[in-house]
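Heads up: the structure comes next, in structure tokens.
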Amino acid sequence: MDSPRRYPTRPLVGAGAVVHRRGRVLLVRRNNPPNQGRWALPGGLVELGETVQGAAAREILEETGLEVKIEALLDVQTDIHKDLGSKLEYHYILVDYLARPVGGRLRLNSESSDSGWFTSAQTKRLPMSEGTREVLGIYFRQRSP
């Protein structure tokens, strides 16, 4: 069965965050396309009537069990995937924030197969989308002396 996210009629808006703690960032390994098997920022789609910041906090809680405080906007990206026939298969507008954990306990839902807290050097060896790599680069460049 195809996901309603595949072959959309308009871009879908996603919200996520670089959740940081003691110089490390939280990443999850995606279970679903389009980035199945890759490491990513926790997040998901904005629901009707929801703020983008609220969606990021809700999605992080649902996906990781962590309550977060949204601190700042980091980046906005476009994530487009085409199928083998060059037809638009996925199209997301991704709004990524900086956030810190303020409660909860790390536990994954079915959208992710693994999670971890990673340093800048560790993230360089992980398979992830170029967009995720760019957002992490923004975060780590802002933190370097």
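The values are calculated or read from the model by the stated rules, or taken from the named source; none is laboratory data. Please read these numbers as outputs of a predicted model, since none were measured by experiment. Using ideal geometry, Cβ is built from the backbone for each residue, glycine included, and neighbour counts are taken over all protein chains shown.
Couple of notes before you dig in:
- Candidate set: segment 123-139, residues that are part of a helix (DSSP H, G or I), in contact (Cβ under 8 Å) with a residue 24 or more places away in the chain and not small (Gly, Ala, Ser); chosen: the one nearest to residue 62 (Cα to Cα): 132
- Residue tally, condition among the hydroxyl-bearing types (Ser, Thr, Tyr), exposed (fewer than 15 other Cβ atoms within 10 Å of the Cβ) and modelled with pLDDT of 95 or more, over segment 81-119: 2
- For segment 36-93, filtered to residues that are in contact (Cβ under 8 Å) with a residue 24 or more places away in the chain and of a type in the set (Lys, Arg), the residue that is nearest to residue 118 (Cα to Cα) is 38.
- Qualifying positions in segment 1-46 - among the β-branched types (Val, Ile, Thr) and either assigned to a loop (DSSP other than H, G, I, E, B) or closer than 21 Å to residue 123 by Cβ (or both): 9, 18, 19, 25, 28, 46
- All of 42, 34 fail the test of being of a type outside the set (Lys, Arg) and touching a His at 6+ places or on another chain (Cβ under 7 Å), apart from 34.
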